Amino acid sequence: MSDVGSGDSSVASRDARTASDRRHGRGEQMMVPKAKFESYYGRPIIKRPTWQARDVAAYLFLGGTAGASSVLAAAATLTGRRSLARAGRVAAVAALGGSLYALIHDLGKPSRFPNMLRVFKPTSPMSVGSWLLAAYAPLAGTAAASSLTGLLPGLGNAAGIGAGAMGGAVATYTAPLIADTAVPVWHEAHRELPFLFASSAACSAAGVGLVFAPPSEAGPARRLGLAGAIGDMASTRAMHMRLGRDIGEPLRTGRAGMLLKTAAGLTAGGALLSQALGRRSRIASTAAGLALLAGSVCTRFGLFYAGVASSDDPGYTVRPQRARISAGQRDNHRVS
């Protein structure tokens, strides 16, 4: 018994000395540094998006403007603001036309858009979006035609309210569309992008109302612009906080960072100007509307360029995956 006890004591003493040696840099040392995975010669892990900014970023902006403008026009119709309703309806059709042109130009062949209507796939944002646009376009077109010609006002009002009911989905479906890709920044920001897209669309629609409607009818546009600006700032801050300094770096640097900072200034400035002077001055109201529109453009293009930049650096692909693996291991350890 005494031999066993002394043996255990010597083993424990040796383990203690070994641990002490390691703490003080003595004893066994690692011959190679801890493995750190990057990629093959630092090359990108995922394929860089082949989309062009003039197509996809414009498609994101114009689609959001169309949907939110229909929402604003429906509210104006229900409250008897004819000039604001007409501005929203016409803007919705104009933006929708530009959005469809940008989408078809990106697809390469006009026939590819109707081909997407051959099936309906609820799990595909592109399939859902295609069917949504196909149902929304006739309503928006009918409402705008009625406002411009004065014909069939009852039908025009019904179509405008129908387009407004679908406008929220039209303005935001592009958020899951880009978040459902492997592009790191877009994919990691999937929680905040729908709120950010909705807020940015609200700002652009409010901008249209402030530019083309008289201040006496632009009250809903001013309120929508203020709500959109608050939502834009809140969702942007939430996105930066959750992505952190590491993963969210493309949102703060380079061309994307410059555009997003400019967007924040224009959006906040336009909303404040509309509230301070927009009620009394047509010039101030127009300037505020243009600032909100420009801010929304900068937001969409900034997010596009941030996604492209994140796809070029393999670290933005690897680090989120490693973080999720580490979090899962910690959770499993706590459970066990």
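The values are calculated or read from the model by the stated rules, or taken from the named source; none is laboratory data. Everything quoted here is computed from the prediction, not taken from an experiment. Glycine also receives a Cβ, built like all others from the backbone with ideal geometry; neighbour counts cover every protein chain displayed.
Could you go through region 227-244 and let me know if any residue there is surrounded by fewer than 20 Cβ atoms within 10 Å (Cβ to Cβ) and outside any helix (DSSP H, G or I).
no
It is to be established whether one or more residues within region 138-145 are of a type in the set (S, T, Y) and at pLDDT 95 or above. Quick ask: steps written out before the conclusion?
To start, the set of residues in region 138-145 that are of a type in the set (S, T, Y) comprises 142.
Now restrict to residues that are at pLDDT 95 or above: 142.
Looking for residues that are of a type in the set (S, T, Y) and at pLDDT 95 or above, one finds at least one in region 138-145, hence yes.
Given (1) within 28 Å of G307 (Cα to Cα); (2) buried (at least 20 other Cβ atoms within 10 Å of the Cβ); (3) in contact (Cβ under 8 Å) with a residue 60 or more places away in the chain, identify the lone condition not met by A102.
(3)
Tell me, which helices (runs of 4 or more DSSP H) lie completely within region 42-121 with 1 or more residues that are modelled with pLDDT under 95 and among the small types (G, A, S)? Reasoning before the result, please.
On the way: elements: 53-78, 82-107, 112-115.
Those helices (runs of 4 or more DSSP H) span 53-78, 82-107.
Kindly indicate whether P114 is buried (at least 16 other Cβ atoms within 10 Å of the Cβ), more than 28 Å from L290 (Cβ to Cβ) and not aliphatic (A, V, I, L, M).
No.
Between A134, A143, A169, which is of a type in the set (A, V, I, L, M), surrounded by fewer than 21 Cβ atoms within 10 Å (Cβ to Cβ), touching a residue at least 24 places away in the same chain (Cβ under 8 Å) and in a helix (DSSP H, G or I)?
Among A134, A143, A169, only A169 is of a type in the set (A, V, I, L, M), surrounded by fewer than 21 Cβ atoms within 10 Å (Cβ to Cβ), touching a residue at least 24 places away in the same chain (Cβ under 8 Å) and in a helix (DSSP H, G or I).
Cβ-Cβ distance below 9 Å, separation of 6 or more or different chains: which pairs start in region 268-283 with a residue that is within 9 Å of A229 (Cα to Cα) and end on one that is among the basic types (K, R)?
Here the result reads A271/R222, each pair linking region 268-283 to a residue that is among the basic types (K, R).
Run down L226, L243, L251 and say which single residue is under 17 Å from V308 (Cβ atoms), out of contact with any His (no Cβ under 6 Å at 6 or more places or on another chain) and without any contact (Cβ under 8 Å) to a residue 60 or more places away in the chain. Steps first, answer last, please.
Numbers: L226 fails: under 17 Å from V308 (Cβ atoms); L251 fails: without any contact (Cβ under 8 Å) to a residue 60 or more places away in the chain.
The conditions single out L243.
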